[in-house]
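One structure is given here, and the rest of the page talks about it.
The values are calculated or read from the model by the stated rules, or taken from the named source; none is laboratory data. As the structure is a prediction and not an experimental result, all values here were calculated from the model. Please note: Cβ atoms are built from the backbone with ideal geometry, for glycine as well, and neighbour counts cover all protein chains shown. Quick note on the areas: whole protein, heavy atoms, side chains included, nothing else; ligands and nucleic acids left out. Shrake-Rupley method; radii C 1.70, N 1.55, O 1.52, S 1.80 Å.
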Amino acid sequence: MPAPSPTSTQDLLDITQDGHVVHVRLNRPAKRNALSDPLILRIHECFTTLPEDCRAVVVSGEGAHFCAGLDLSELVERDIRAAVLHSRMWHAAFDAIQFGPVPVIAALHGAVVGGGLEMAAAAHIRVADRSTYYGLPEGQRGIFVGGGGSVRIPRLIGVARMTDLMMTGRVYDADEGLAVGLSQYVVDEGQALTRAFELAARVAQNAPMSNFAIMHALPRIAEQSSGEGQFTESLMAAVAEATPDAQSRLRAFLEGRAGKVVKAPPAGAA
Ligand code: 1HE
């Protein structure tokens, strides 16, 4: 496998590309990857200028933690308008993750707290290693979520669980996070990146239009009424089916040239 080529090595965000997969690493380990304004702006820029040949992104954090959330040292007194604009800046950055051109897989370890959890929630798949823990300490800090967390996190775990996390300062470990739906995978400590890259390689082989439909149509359909949702589904299905990619993949299966759906090997099997 060729060595990943650096496409940008700016301090706050380390971006490398290996084939069709781009690796975006939060790179403020001394501050536990706390999300400062410049870092949020870099995240927005990065996810809105992904290379043409990128088919999937893995996002991770350098150092002992994925992300300590909002950089609390920047939380100076703001007037109300500035505070709203600040939150809207976060929304734009994390919307660029969720509603960008390609799927994003988050590899989590250590603290995934506050705005760090809001960011992880914008990814499409979350892989946590066993060192991972999740918290929303906004209640203790006297603030509220502002990076889309109140929209995305209840859709993953429900309003009651998010209320508990925020009000009581409860912290979920990796297995609890898996059980409630914060992550889709838990792996041994130090293995989250490996698993995230395996998943990204698989996701990158899908038809780009299928991935786009999954990312963009599914969450919107979930917000629609049944009737509207089914209508959106029909339109999306027709668009995806009409692509040359779909046509050639369907032909490949019918001619016996494509893989079948197979049962996963039992856990622990080689
Ligand atoms: C920070 C931050 C930060 C660390 N902003 N500087 N987030 C929080 O409330 C989480 C606050 N952080 C922590 O609870 C802990 O730092 C951690 C559990 C994440 C990591 O602990 P540890 O022992 O590995 O590191 P540390 O010694 O606490 O921190 C190392 C340095 O990072 C230290 O700075 P230093 O100059 O003294 O070395 C810390 O001050 C600094 N640091 N976290 C600023 N968050 C859009 S709304 C979103 C709302 C939120 O995200 S609220 C949650 C904020």
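Kindly list, by first and then second residue, each pair from a residue in region 9-22 that is of a type in the set (Ser, Thr, Tyr) to a residue that is modelled with pLDDT under 95 and not in a loop (DSSP other than H, G, I, E, B), limited to pairs with Cβ atoms under 8 Å and residues at least 6 apart or on different chains.
Thr16/Ser5; Thr16/Pro6; Thr16/Thr7
Starting from region 73-98, take each residue that is touching a residue at least 12 places away in the same chain (Cβ under 8 Å) and list its partners that are in a helix (DSSP H, G or I) and among the hydroxyl-bearing types (Ser, Thr, Tyr), counting only C-beta distances under 8 angstrom and pairs at least six apart or across chains.
Ala96/Thr48
Filter region 72-89 down to residues that are in a loop (DSSP other than H, G, I, E, B) and either away from the ligand (no atom under 16 Å from the Cβ) or closer than 23 Å to Ile105 by Cα (or both), then give me how many there are. So that I can check it myself, show each step before the final result.
Residues of region 72-89 that are in a loop (DSSP other than H, G, I, E, B), as a first pass: 75-79.
So of that shortlist, the ones also either away from the ligand (no atom under 16 Å from the Cβ) or closer than 23 Å to Ile105 by Cα (or both) come out as 79.
Result for region 72-89: 1.
Can you pull out every residue in region 139-156 that is open to solvent by less than 10 Å² (accessible area, probe 1.4 Å) and in a helix (DSSP H, G or I)?
Selection gives Gly149, Ile153.
If you scan region 165-189, which residues turn out to be touching a strand residue (DSSP E or B) at 6+ places or on another chain (Cβ under 6 Å) and open to solvent by less than 60 Å² (accessible area, probe 1.4 Å)?
Those that are touching a strand residue (DSSP E or B) at 6+ places or on another chain (Cβ under 6 Å) and open to solvent by less than 60 Å² (accessible area, probe 1.4 Å): Tyr172, Ala174, Gly177, Leu182, Ser183, Val186, Val187.
For the condition assigned by TED's automatic domain parsing to the domain that holds Phe94 and out of contact with any Cys (no Cβ under 6 Å at 6 or more places or on another chain), what is the one hit in Val239, Val261, Val186? Explain how you work it out, then say what you get.
Working: Val239 fails: assigned by TED's automatic domain parsing to the domain that holds Phe94; Val261 fails: assigned by TED's automatic domain parsing to the domain that holds Phe94.
Just a single option satisfies the conditions, and that option is Val186.
Out of Ala160, Ala121, Ala128, which single residue is surrounded by 21 or more Cβ atoms within 10 Å (Cβ to Cβ) and in a helix (DSSP H, G or I)? Walk me through how you get there before you give the answer.
Values: Ala160 fails: surrounded by 21 or more Cβ atoms within 10 Å (Cβ to Cβ); Ala128 fails: in a helix (DSSP H, G or I).
From the options Ala160, Ala121, Ala128, the qualifying one is Ala121.
Determine which single condition Ala68 fails, assuming it passes every other condition in (1) small (Gly, Ala, Ser); (2) buried (at least 19 other Cβ atoms within 10 Å of the Cβ); (3) out of contact with any strand residue (DSSP E or B) (no Cβ under 7 Å at 6 or more places or on another chain).
All conditions are met except number (3).
Tell me which of these Leu165 doesn't satisfy, since it passes every other one: (1) farther than 28 Å from Gly110 by Cα; (2) more than 17 Å from the chain's Cα centre (by Cα); (3) not in a loop (DSSP other than H, G, I, E, B).
(1)
Give me the pairs, please: first residue somewhere in region 30-51 and under 20 Å from Thr16 (Cβ atoms) and near the ligand (Cβ under 9 Å from one of its atoms), second residue anywhere and part of a loop (DSSP other than H, G, I, E, B) and modelled with pLDDT of 95 or more, beta-carbon distance under 7 Å, and either six or more positions apart or on two chains.
From residues that are under 20 Å from Thr16 (Cβ atoms) and near the ligand (Cβ under 9 Å from one of its atoms), the pairs are Asn33/Glu62; Asn33/Gly63; Asn33/His65; Asn33/Phe66; Asn33/Ala68.
Quick check: is even one residue across region 42-55 buried (at least 24 other Cβ atoms within 10 Å of the Cβ) and in a strand (DSSP E or B)?
Taking every residue of region 42-55 in turn, none turns out to be buried (at least 24 other Cβ atoms within 10 Å of the Cβ) and in a strand (DSSP E or B).
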